[in-house]
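*Asks:* The structure under discussion is supplied below as structure tokens; questions concerning it will follow.
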Amino acid sequence: MQTLAGAAVLSCEQEKAKRTCDDEEDEALKELQEMSKAWLTSTLTRLATVAASVLILVVAIAIGMSEEIQNDLKNIAREVPLPRTLASYDQHHAEQDDQVKFPVDFTVHFNGDGLGDGMSASSRDWTGIDPLIRAACDEMEEVLEFASYDNETMARICEPTRGARLFTPGGKRVRSFADVPANGTRIYLVPQGLQFVFPLGKVGTEIVATNVVSPLADKVVKLRQLTESPRVFSLENFISDEEIDAILKHNADLVKPSEVGFSGWRDSTRTSSTAWDMHSSASRAVRRRSFDLLGMDFDNDMADALQVLRYNLSEWYKPHLDSFDKKAYDGTVPKVENGTNRFATIFLYLSDVEEGGHTVFPLSTTHEGYNGEKIVHDGTVRSPGYIADKDARWACNTSSTALRSGTRRGSALLFYSQTADGEIDPYSLHGGCPVVKGIKYSANVWVWNRPKPSKSDAKDAGARPAPDLNSIQMHFHNRRAGKVNLFWDDGTEDMIFQAEILPGEMQSMTTYHGHSFVVRDADSKETLHAFTANDKLHKGKQHVEAIEA
């Protein structure tokens, strides 16, 4: 502060002919006072925010609020910036002012178009993001096609207040011109009714995902484009070893034969084993991270539980589509009457596989290493989801040049079941190749473009076997303030862990007469509840077992 005032005095003495020294000193001191006042106000506001967050956190711990909410409160306290000096305050706001003051030139492209020329734009020409969205939306041929050239539909899907939005190449929402990273950046327009997809450039192009935080310290989540069609990317730094270990441990004793179809039934085209994990801490973290990666707000109704898979020797999943056809339920077409279907798959490799076990995309012809050979019969793509057994085996054969991903623990894939304009993509046909040597553990998250339908809406139930009339449908409801652990009492001292149940949540499962379960406090390990299934009381019923406080 003394340095700024002293400089004003020195300047004043050198220019007495122009102004008086007293006026100059008064002006410098007044400016200094204004800066000090602004800095003090900003600092007190930030300190108040931190103090409030800490106070709420203390109360949350005292009343037993969930660990997830406590972590959110801790993050709020950590993320509030505290200017330590007047200079840091001035620099912080100067940087913000520069982002707004200096214009940025960029191009606007339709969702996922990483190669087209796009529409040139500059922040100097627009009063804000919303007018730009409306104008760019009106001009794009892709939007006209998506709207079926209907003016009323165009007005709706191009309106920002109804969901039209812009994204950076890394998947971050553009809410103001300050969010445009640099001159020359390609920005992507996503009309209402569509979800953002990562843009396609040249095969091998890498993208840093800027809307998601890697669980690995000092790492970023990075995508690498593997082909042009279907839209497939490899993922780096998306899951940690600790999360992999936790997922495998939690689900080791829960796997059962895998099923196919929306309603679910056994089929020879899929010979792996599956567990569904919605409640473990690791699975919740991975599912939320998947939404961040895709540039979407987390919605539990728009994702399946984490599917954990085990493939033993020779087991496989014949190439198929993750999306469903009209036989599964009503409203499978995303572009028609708010239809919903699986939109994107994040596939995780939880183990190294000695030989085999690749994920294969038989219809890709634009990936590195493809030699132009005929991998599938003509017309395969015109029968979405179908592939001849012979073609499927050849695509998995390492002598073919089909697109096959590696099977390295910690690696991952992102691929889309829908195109950038909301069509089901028949080229997303993919499969799990037979394991030749070793065991393959993997997992995947399925994210939908809109809330998924209920199993009660299934139309393909006639294709599944008759229900097991001897089973009992159990629902364990945690009504306590803290989380609990559910175990199946198999007669051993440790018993078999089944699930972690958060406060207010319910864990459902199928069991049988005579099966016993024990509920323990997740922290103290104290036994809270015991239950044994009984045919006379529970058979043929949806039984809810309450775990009271």
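*Asks:* Which of the peptides 226-239, 512-525 is most tightly packed, and how do the rest follow, going by the mean number of other Cβ atoms within 10 Å of each residue?
*Replies:* Going by the mean number of other Cβ atoms within 10 Å, highest first, we get 226-239, 512-525.
*Asks:* Counting only other residues whose beta carbon sits under 10 Å from that of Tyr441, what net charge do I get with K and R as +1, D and E as -1?
*Replies:* +2
*Asks:* What are the GluC sites (Glu not before Pro) within segment 317-367 that DSSP puts in a loop, where the Cβ has at most 11 other Cβ atoms within 10 Å?
*Replies:* Loop-located and lightly packed - Glu337.
*Asks:* Given all pairs of different Cα atoms, what value in angstroms does the Kirkwood hydrodynamic radius of segment 94-194 take?
*Replies:* Roughly 13.7 Å, rounded to one decimal.
*Asks:* A further question on this structure: Rounded to the nearest Å, what's the spacing between the alpha carbon centres of segment 310-389 and segment 199-252? Just the number, please.
*Replies:* Their Cα centres are 19 Å away from one another.
*Asks:* Any idea of the accessible area per residue across segment 472-547, 1.4 Å probe, to the nearest Å²?
*Replies:* I get 53 Å² per residue for segment 472-547.
*Asks:* Rg and Dmax of segment 325-423, using alpha carbons, in Å: what are they?
*Replies:* 15.7, 47
*Asks:* Hull surface divided by four, with the convex hull built on the Cα atoms of segment 472-547: how many nm²?
*Replies:* Hull-based average projected area comes out at 4.6 nm².
*Asks:* Between their Cα atoms, which of Lys327/Lys455; Lys172/Lys219; Lys219/Lys483; Lys249/Lys437 are more than 20 Å away from each other?
*Replies:* Flagged as over cut-off: Lys219/Lys483; Lys249/Lys437.
*Asks:* If Thr168, Thr419 are ordered by their accessible area, calculated over protein heavy atoms with a 1.4 Å probe, which sequence runs from highest to lowest?
*Replies:* Largest accessible area first, the residues go Thr419, Thr168.
*Asks:* Roughly what would the spin-label model give for Asp330 and His477, points 7 Å off Cα along C-beta, in nm?
*Replies:* Placing both labels 7 Å beyond Cα along the Cβ direction yields 3.0 nm.
*Asks:* What order, most packed first, do the peptides 285-292, 187-194, 369-376 have when packing is the mean number of other Cβ atoms within 10 Å of each residue?
*Replies:* Descending packing order for the listed peptides: 187-194, 285-292, 369-376.
*Asks:* Moving to a separate point now. Can you work out the FRET efficiency for the pair Asp352 and His513, with r the C-beta to C-beta distance and R0 = 25 Å, to the nearest 0.05?
*Replies:* 0.05
*Asks:* What residues of segment 392-427 lie in the reach of a label at Ser148, counting those whose backbone N is under 16 Å from a point 7 Å from the Cα along Cα→Cβ?
*Replies:* 422-424
*Asks:* Could you work out the relative contact order of segment 326-418, using alpha carbon pairs under 8 angstrom and six or more residues apart, expressed as a whole percent?
*Replies:* Rounded, it is 43 percent for segment 326-418.
*Asks:* Give, in nm to one decimal, the length gained when the segment between Asn312 and Leu537 is fully stretched (0.36 nm per residue of separation minus the Cα-Cα distance).
*Replies:* 77.2 nm
*Asks:* While we're looking at this one, here's another question. What full-extension length gain, to one decimal in nm, is calculated for Asn338 and Ala155 as 0.36 nm per residue of separation minus the Cα-Cα distance?
*Replies:* The Asn338-Ala155 span can extend by a further 64.2 nm.
*Asks:* In addition: Let me have the relative contact order for segment 472-547, percent, based on Cα pairs under 8 Å that are six or more residues apart.
*Replies:* It rounds to 41 percent for segment 472-547.
The values are calculated or read from the model by the stated rules, or taken from the named source; none is laboratory data. None of the values given here were measured: they were computed from a predicted structure. Virtual Cβ from ideal backbone geometry, glycine too; neighbours counted across all protein chains shown. With ligands, DNA and RNA removed, areas are computed over all heavy atoms of the protein, side chains included. Shrake-Rupley method; radii C 1.70, N 1.55, O 1.52, S 1.80 Å.
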